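S.K.: Before anything else, here's the structure in question.
The values are calculated or read from the model by the stated rules, or taken from the named source; none is laboratory data. Fair warning: this is a prediction, and the values are worked out from it, not measured in the lab. Here the Cβ is made from the backbone with ideal geometry for all residues, glycine too, and neighbour counts use every protein chain on show. When the accessible area is computed, the model is the full protein with side chains, heavy atoms only, and any ligands, DNA or RNA have been set aside. Shrake-Rupley method; radii C 1.70, N 1.55, O 1.52, S 1.80 Å.
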4 protein chains.
Amino acid sequence: MIVVMSIGASPEQIKDVENRILEWGYGVHPIYGAERTVIGAVGVPEADKARYLAQLERLPYVEKAIAIVRPYKFVSRELHRETTRIRIGDVEIGGTDIVMMAGPCTIETYELTLETARALREMGVRVLRGGAYKPCTSPYSFPGLGIEGLKILRNVGDAVGMAVVTEVMDPRNVEMVCEYADVLQIGTRNMQNYDLLREVGKARRPVLLKRGMWAKLEEWLQAAEYVFLGGNHDVILCERGIRTFETYTRNTLDLSAVPAVRELSHLPIVVDPSHGTGRWSLVPAMTRAAIAAGADGLLIEVHPEPDKAMKDGAQSMTHAGFADILQQCRPVAEAVGRRLV
Amino acid sequence: MIVVMSIGASPEQIKDVENRILEWGYGVHPIYGAERTVIGAVGVPEADKARYLAQLERLPYVEKAIAIVRPYKFVSRELHRETTRIRIGDVEIGGTDIVMMAGPCTIETYELTLETARALREMGVRVLRGGAYKPCTSPYSFPGLGIEGLKILRNVGDAVGMAVVTEVMDPRNVEMVCEYADVLQIGTRNMQNYDLLREVGKARRPVLLKRGMWAKLEEWLQAAEYVFLGGNHDVILCERGIRTFETYTRNTLDLSAVPAVRELSHLPIVVDPSHGTGRWSLVPAMTRAAIAAGADGLLIEVHPEPDKAMKDGAQSMTHAGFADILQQCRPVAEAVGRRLV
Amino acid sequence: MIVVMSIGASPEQIKDVENRILEWGYGVHPIYGAERTVIGAVGVPEADKARYLAQLERLPYVEKAIAIVRPYKFVSRELHRETTRIRIGDVEIGGTDIVMMAGPCTIETYELTLETARALREMGVRVLRGGAYKPCTSPYSFPGLGIEGLKILRNVGDAVGMAVVTEVMDPRNVEMVCEYADVLQIGTRNMQNYDLLREVGKARRPVLLKRGMWAKLEEWLQAAEYVFLGGNHDVILCERGIRTFETYTRNTLDLSAVPAVRELSHLPIVVDPSHGTGRWSLVPAMTRAAIAAGADGLLIEVHPEPDKAMKDGAQSMTHAGFADILQQCRPVAEAVGRRLV
Amino acid sequence: MIVVMSIGASPEQIKDVENRILEWGYGVHPIYGAERTVIGAVGVPEADKARYLAQLERLPYVEKAIAIVRPYKFVSRELHRETTRIRIGDVEIGGTDIVMMAGPCTIETYELTLETARALREMGVRVLRGGAYKPCTSPYSFPGLGIEGLKILRNVGDAVGMAVVTEVMDPRNVEMVCEYADVLQIGTRNMQNYDLLREVGKARRPVLLKRGMWAKLEEWLQAAEYVFLGGNHDVILCERGIRTFETYTRNTLDLSAVPAVRELSHLPIVVDPSHGTGRWSLVPAMTRAAIAAGADGLLIEVHPEPDKAMKDGAQSMTHAGFADILQQCRPVAEAVGRRLV
C-alpha cells in the first residue's frame, strides 16, 4: 500500500499516518521527496486493504492511498503458471482444442431444440447452449420456460450426445439446475450477485462466468475468486462485450480481454460474439478474431429460423450460417496452433 | 414500431415485411421515400415488441427496426401525472418535504450505530440507513454482520425513533429483512437481478431501487416496472452514479437523472452523493446540487469516525460534517420551494 | 514515481531498475515486501515522467509504474490557494458573483441576435454568447456565418453593452477572432487541439476552455496548463457534459466536476447545461444544480424562437423560459452565499 | 424523418407538426396509433435534417424526432458496393494484401529511425510510420522534432525504399507535411477538427483517419465524409481504441468496428493495436485478431530499444518482437484468404 501525503503535510501529520500503519501491525517505509512524502506500508493483507485505504484517504492531509498488489490470489497466474483445463462432457476447455458451444438463445420447444442440436452435433459441436431462465430487461418479455426448458435441454443433450450449458439466475435454483446442466452459466447482470456466486461456488459443476457489462478485468477476476473460495475451482471466464457509448453494436466486444486475462489468470476464457455484437452479420468476423486472439472457446447463438425466434433473433445464426463460421474458423484455429473441435 | 427497409429492397421484400406484420395482427402503414421505404406497424403490444424487432432486424433487407413507445407503462408519468408519495415511518417521500436518510455504510456495533443514530435524530433526521448485508467487490472484504446487523439496526431505530433502510441482496432473505426493515434497498449491482425484483415486488415494504451503474434511464424504469408488476407500487428510485471513464470520482453522479426521471415517471427520486462521488469532500456540494435539481430525498453515509470505519470511510461524513451539510442545504431547499426535514 | 516489480523479480532485475533510476539522476527508495519489491523514485521532473514510466513498464519484470504527483503545476491549487478572478467586460468571474453568459447557439442575423441580446441585457445579463464558427458533426450542417457572424456579434454586443464570447476553432483565426471577441471559447472537440491551445495561449483574451467529452479532469487541467504555459493565465474552465452510455441526454453533465475542480485548481469553473443535457426541459433544473454545486457562471443557449433555430433548437430556451431560470436561480445563488448578476 | 407525438397530443398539435413539414416542402405521412400519432416526413435533405429534428423536438407535444437515413453519403457502401483501393508507394490498401505499417512512435534521430526502417524493410514491410508532430496530453512531454523529424522520415524512407506515414495536427502545416509524407495521418484527438479535415480534403495525399476515442462509427464516417467533400477520396479509416471504463488497457480496441465499417462503408480500414491496448504484450494477439476480423492493414509501433524510447515505450515492439508478430500473422492472413506483405 502506498500513501501519498498532500503537499505541505506537517511532520505531525506524516507521523500520524505512520502510527496508524504501525498500529495495524504493518511495516512503514517513508520516502521523503522534495515536494511531498510518500509512505509505503508492507504486509497489509487483502482482507484489510479496502478498509484501510478508505480510512487513510479520509484524512485531509492524505492525497491518495494506492493498493499495489492484485486484489485476487487463487485465480491469478502469478502463483499458478499453467492454464487450468476444465472438462465438459467429453471435451476439455483450456487445452489445445477450441471448444464451440452453440445453440438457441432460449429453449422454445423440444422439436426446435432437437433440430438445432442435431444439426450442430453433425457439424462436430459437442456442447449445447440454451436458456431456460432468461434475464429480460423488459418485464413483458418471455422469461423462458423454466424447469420445463431445463428438461428439454437435458433430454435433447442426452438424445444427441452433447453436454449442456444453461444460465442460473436465482441462488434458490442452483441445486435444481445442477441436476439438468453440465455447466452453470452466470449471466452478465449477475457477475456481482454475490449470493449466487457463493452458491455456485458450492456446486459440483463448472461455472461459465460472463463478464459484467460494466466490469473491469480486475472486478471480473474478483468475482471468479468468489467462486473459487467457495470450493469450486472450475471457472471458465466468458467475455461478452462491455457497455460503451457506441450504439451500432449492442455491446463493445473487448477482445483484448482474451490476451489480458491470459496474462493475469490461469482460468480459461471463451468469447460470446452473439451478445458481444448483437448483430448476426458481425458474428463470423468476431468469431474468427476471438480465435486468433487466443480464446479457448466460443459461445454462439444458433436457431433454425432466427427471423422467427422468441428472443434475440437479430444476433442468431442460421444452421447454414453457423456451418460457414465453422468452415471459416478451422484454418484460423490451425494458423494459431489450435484445433477447432 | 418503425421498420426501415434497406436501400434497394425489392417490392417482394417490402411485401414480406408487411405480411409478417399483418400475420402478427397489427396494422401496416408503409411510407415510400425516394431512396427507401419505411413501414409503420401499429398495435404491437409491449410483450411482443422485443421479439418482433429482433426478428425483423434479422432480415437482410431490413436496415433497422425501431420501437416507438416507452418500454414501461405503470411507472410512466404519461398515464399517472402526479408524483407518487410514499410513507416511511412518519415522513413522506415525494411531497414538498425533502427526506434525509443517513447513517453508517455498514452496521459495525450497537454502540457505534446508536451513537450516529442519536446524533442524526437530534439534527432532525428521521430515516436511518445502515448495511447488514454488504455487496463487496472483493471476496476478502467484510460482508456485513448479516442478521445480527439487522437486529442492531432495528433496535437502534426503535430506540431513537427512526425508520430504517437496509439492503437485501438475496431473494431468500427478503421475507426476513422485511421483519426488521422499513424500506428494502436494492443495490446498484442487483438492479437487474430479476428474481430479487420479483421477490420484493411481493413484499409489503417500500423499495429503494438504486440505479445500476451501467443502466440507462429506460432500463432503470423497466426494473421499477418489474417491482410494480409484482404488486408493490411503493418504489423510490435512487440515483447513485454511473460508471464512466472518469477516475477521480468513484462514479459519475448523473444529476440530470433527477429532472429526467421527473419527466418520465411518477416515482419519487432520491440521490446518493456518497457512492456517487466516493469522496467525502465532494458530498456537501453534490447534496446541495441534488436538492436544487429537485431530488425528493438524499442518502448519505455518516460515521462517528470515518477514518476508522469498516467500509467506505473515504466517502463518509463525520457527525459535524453532516451537520454542516444540513445547515448548507436548508436554504437551498427553501430556494426551490421545498423543506428539509 | 513508484515502480512495482513483478512477483519473482530477481535481485538482478531489481538492481537493473534501480540503476536506470540512478542513471537518470533521481533518488532510489526500495521497499522490500514479502511477495514483491516496490521502488520509489524521487525527483523525476514532469517533462521526463511519461517517458520513464513507459520505459519501465516495458520491462517484463515490472508489473507497473505509477506517477505520484499531479501532472500539472501552474493551474493547481496546491501552489496557488485562491481562486483566480478573471474580468470579462464589466463583470468578474471567480468572485462572489455568478456570471450568466447567454445567447443563441449560432449567430443567424443581426436582427435576431439583437432581439435576444436586448432581452438578455434587460434581464441583467452582461455577457452574450453566440457562434460564428460552428463545429458540426455533419459536413452538411450549417457551419456558421464566419467573419460575418463575428461582426454581427461585436456590433450587437456594443449596441446593447455586453461583452461577447465566441468559439475559435482554427489556429489561423485566433488573431482575427480576438479583434471581435472578449472571450475566446475552445470547444469540446478541440480541448486537445494543441496547436490551437498554444495559439490562444499567446492571445490577450480570456479563454473559456470546454471539457473534452472524453476527458478526465486531469487531462482537462493539463489542457489548461498548455494555455497557461503560453503566457495566458486567464483560463475559465467549462463543464459541458461527458460522453457515456446514456442516450436520453445528449451528454452526461458531470456536476461533480465543479467541486472537484475547486479542490484541484484555482481556475474558475462555469457550466453549460444546454449542451450538457441537450434538452431544454432539463436546463432549468441543471442550472439551479450547477449554482448549488458552486459554479462561478453559466453558459446557456437562448433563442427568440427555438422551434425555428438554425441549430440546437432542442436545447435552447425562449426568452421567457430563460427569464424563469433567472428567477428560479436568484434564491439558489443567495442560498449558497453568492449573487446572480 | 419520423416524428413521434406525445401521448395526448391534440389534433391541432398534430396539424401544427404536419404544417411545419409541409411548409418545409416535404411529404407528410401520419400514422394514427391507439395511444399516439407518428408522422413520417419524406424528402428531407441531409443539410436540413439536424436543424429540423431539433426544432421539432423543441415542441412540448413532440416526444421525439428520429432521423432514418444514414448521415453520410459518399463514403457509404450503399451506393458504392466495392471496397476502395488506395495506393501507398508500391502497395495497395483495400485489396487482397494486408498492408503492414510500422515504425517508431516518435522520430528521435536519423540513426535510430534508419535502424528500425532497415530492419522492417528486410522483413518485407513497405510503409514506415513515425511521428514528427506529436500530440501530447502533457504540455511538458516531448512534442516531436517537427520539420526536422519530417526530413529524417523522408530521407530514411527514400534510403530504404519505404513510403512514409506521419501525423499532421495543424491546418497550417498540411501543405508542408505533404512535401515529405506519402500519407497524412489525422490523430484521434483531431477526428473532429473540421478545419484540419477540410484542409486535408484539399490535399493530394491519402489520409489515414483515426477514430476519435469518443466517436461512434457514424460520427467517424461523417468525419471521413468531410474529407471526401473536400475532394480527397483516398481515406483510410484506422480503428485505434475507444475510451471506456476499463483501465488495464490504455483504450478498448473495438475490433467489431472492422466488420461493421465493412458493412457501412466502402473505405478500407486498418487497426492500430499499439495505441488500442497500450501494452506491447497484448499487441501480437490483437494484431492476429485484427487480421482475422478482416482489417486491410495494421499500424504498429516498433523501436530498436523500447525501454529507452522517448515516447510510448510501453506499447512498442522490439525488432525481434515485431518479427515474431509477422511470423504469427502470415498463416492467419492466409486462413482468411489474404496475404500479408
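Residue-by-condition table, conditions (1) in the same structural domain as residue B:187 (by TED's automatic domain parsing); (2) aromatic (Phe, Trp, Tyr); (3) within 25 Å of residue B:172 (Cα to Cα); (4) out of contact with any Phe, Trp or Tyr (no Cβ under 6 Å at 6 or more places or on another chain):
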position: B:78; (1), (2), (3), (4): no, no, no, yes
position: B:116; (1), (2), (3), (4): yes, no, no, yes
position: B:123; (1), (2), (3), (4): yes, no, no, yes
position: B:129; (1), (2), (3), (4): yes, no, yes, yes
position: B:140; (1), (2), (3), (4): yes, yes, yes, yes
position: B:144; (1), (2), (3), (4): yes, no, yes, no
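Each row is one residue, and each column tells you yes or no for (1) open to solvent by 10 Å² or more (accessible area, probe 1.4 Å); (2) within 14 Å of chain A (Cβ to nearest Cβ).
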position: B:194; (1), (2): no, yes
position: B:198; (1), (2): yes, yes
position: B:206; (1), (2): yes, no
position: B:223; (1), (2): no, yes
position: B:226; (1), (2): yes, yes
position: B:230; (1), (2): yes, yes
position: B:235; (1), (2): no, yes
position: B:241; (1), (2): no, yes
position: B:246; (1), (2): yes, yes
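For (1) aromatic (Phe, Trp, Tyr); (2) surrounded by fewer than 24 Cβ atoms within 10 Å (Cβ to Cβ); (3) in a strand (DSSP E or B), each residue gets a yes or a no:
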site	(1), (2), (3)
C:261	no, no, no
C:276	no, no, no
C:281	no, yes, no
C:284	no, yes, no
C:299	no, no, yes
C:314	no, no, no
C:322	yes, no, no
C:326	no, yes, no
C:331	no, yes, no
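S.K.: In the stretch C:144-174, which residues are within 22 Å of the chain's Cα centre (by Cα) and free of Cβ contacts under 8 Å to residues at least 12 places away in the same chain?
M.R.: Answer for the stretch C:144-174, where residues must be within 22 Å of the chain's Cα centre (by Cα) and free of Cβ contacts under 8 Å to residues at least 12 places away in the same chain: just C:172.
S.K.: I need the full set of residues from the stretch A:201-220 which are in a helix (DSSP H, G or I) and under 20 Å from residue B:134 (Cβ atoms), in order please.
M.R.: Answer for the stretch A:201-220, where residues must be in a helix (DSSP H, G or I) and under 20 Å from residue B:134 (Cβ atoms): A:201, A:218, A:219, A:220.
S.K.: Could you identify the single residue in C:122, C:92 that is acidic (Asp, Glu) and within 25 Å of the chain's Cα centre (by Cα)?
M.R.: Being acidic (Asp, Glu) and within 25 Å of the chain's Cα centre (by Cα) holds for just one of C:122, C:92, which is C:92.
S.K.: Sticking with this structure for a sec: If you take the residues in the stretch A:263-274 that are in contact with a helix residue (DSSP H, G or I) (Cβ under 7 Å, 6 or more places away or on another chain) and part of a loop (DSSP other than H, G, I, E, B), which one is surrounded by the fewest Cβ atoms within 10 Å (Cβ to Cβ)?
M.R.: A:266
S.K.: Is it true that some residue in the stretch A:249-256 is in contact with a Lys or Arg (Cβ under 9 Å, 6 or more places away or on another chain), basic (Lys, Arg), within 26 Å of residue C:213 (Cβ to Cβ) and at pLDDT 95 or above?
M.R.: Scanning the stretch A:249-256, I find at least one residue that is in contact with a Lys or Arg (Cβ under 9 Å, 6 or more places away or on another chain), basic (Lys, Arg), within 26 Å of residue C:213 (Cβ to Cβ) and at pLDDT 95 or above, so the answer is yes.
S.K.: Got a sec? Which strands (runs of 3 or more DSSP E) wholly within the stretch D:1-43 have at least 2 residues that are touching a residue at least 12 places away in the same chain (Cβ under 8 Å), facing another protein chain (nearest Cβ under 10 Å) and touching a Pro at 6+ places or on another chain (Cβ under 8 Å)?
M.R.: Per the criteria, D:37-42.
S.K.: Look at the stretch C:261-277 and say how many of its residues are closer than 14 Å to residue C:86 by Cβ and of a type in the set (S, T, N, Q).
M.R.: Matching residues across the stretch C:261-277 total 1.
S.K.: Could I ask something else about it? As an exercise: evaluate residue A:307 against (1) within 14 Å of chain D (Cβ to nearest Cβ); (2) surrounded by fewer than 21 Cβ atoms within 10 Å (Cβ to Cβ); (3) not polar (S, T, N, Q) and give the number of the one condition it does not meet.
M.R.: In the conditions (1) within 14 Å of chain D (Cβ to nearest Cβ); (2) surrounded by fewer than 21 Cβ atoms within 10 Å (Cβ to Cβ); (3) not polar (S, T, N, Q), residue A:307 misses (1) alone.
S.K.: Hey, among B:106, B:84, B:113, which residue is among the polar types (S, T, N, Q) and surrounded by fewer than 22 Cβ atoms within 10 Å (Cβ to Cβ)?
M.R.: The conditions single out B:84.
S.K.: For the stretch B:60-79, which positions are under 25 Å from residue D:39 (Cα atoms) and within 20 Å of the chain's Cα centre (by Cα)?
M.R.: Answer for the stretch B:60-79, where residues must be under 25 Å from residue D:39 (Cα atoms) and within 20 Å of the chain's Cα centre (by Cα): B:70, B:71, B:72, B:73, B:76, B:77, B:78.
S.K.: Across the stretch B:221-254, which residue is nearest to residue B:47 (Cα to Cα) among those that are free of Cβ contacts under 8 Å to residues at least 60 places away in the same chain and assigned to a strand (DSSP E or B)?
M.R.: B:237
S.K.: Follow-up. Being more than 8 Å from chain B (Cβ to nearest Cβ) and buried (at least 18 other Cβ atoms within 10 Å of the Cβ) is the filter here; which residues of the stretch A:50-65 pass it?
M.R.: A:52, A:62, A:63, A:65
S.K.: Sticking with this one: Taking the residues in the stretch C:6-35 that are of a type in the set (Ser, Thr, Tyr) and more than 41 Å from the chain's Cα centre (by Cα) as candidates, determine which candidate is least open to solvent (accessible area, probe 1.4 Å).
M.R.: Among residues in the stretch C:6-35 that are of a type in the set (Ser, Thr, Tyr) and more than 41 Å from the chain's Cα centre (by Cα), the one least open to solvent (accessible area, probe 1.4 Å) is C:10.
S.K.: In the stretch A:116-133, what residues are within 14 Å of another protein chain (Cβ to nearest Cβ) and open to solvent by 20 Å² or more (accessible area, probe 1.4 Å)?
M.R.: A:133
S.K.: Being modelled with pLDDT of 95 or more, facing chain A (nearest Cβ under 9 Å), surrounded by 24 or more Cβ atoms within 10 Å (Cβ to Cβ) and in contact with a helix residue (DSSP H, G or I) (Cβ under 6 Å, 6 or more places away or on another chain): is that true of residue D:289 here?
M.R.: Yes.
S.K.: Let me ask another. Mind counting the residues in the stretch A:310-337 that are within 8 Å of another protein chain (Cβ to nearest Cβ) and either charged (D, E, K, R) or over 16 Å from residue D:336 (Cα atoms) (or both)?
M.R.: Here the count works out to 8.
S.K.: Taking the condition basic (Lys, Arg) and either within 14 Å of chain B (Cβ to nearest Cβ) or in a loop (DSSP other than H, G, I, E, B) (or both), does residue A:87 pass?
M.R.: No.
S.K.: Here is a check on your reading of the model: is residue A:70 in contact (Cβ under 8 Å) with a residue 60 or more places away in the chain, open to solvent by 60 Å² or more (accessible area, probe 1.4 Å) and of a type outside the set (Ser, Thr, Tyr)?
M.R.: In short, no.
S.K.: Taking residue C:55 and the conditions (1) part of a loop (DSSP other than H, G, I, E, B); (2) under 36 Å from the mean Cα position of the chain (by Cα), which numbered condition does it fall short on, given that it satisfies the others?
M.R.: (1)
S.K.: Continuing with this model, one more query. Do we have any residue at all in the stretch C:161-180 that's in a loop (DSSP other than H, G, I, E, B) and either basic (Lys, Arg) or surrounded by fewer than 20 Cβ atoms within 10 Å (Cβ to Cβ) (or both)?
M.R.: So far as the stretch C:161-180 goes, yes, one or more of its residues are in a loop (DSSP other than H, G, I, E, B) and either basic (Lys, Arg) or surrounded by fewer than 20 Cβ atoms within 10 Å (Cβ to Cβ) (or both).
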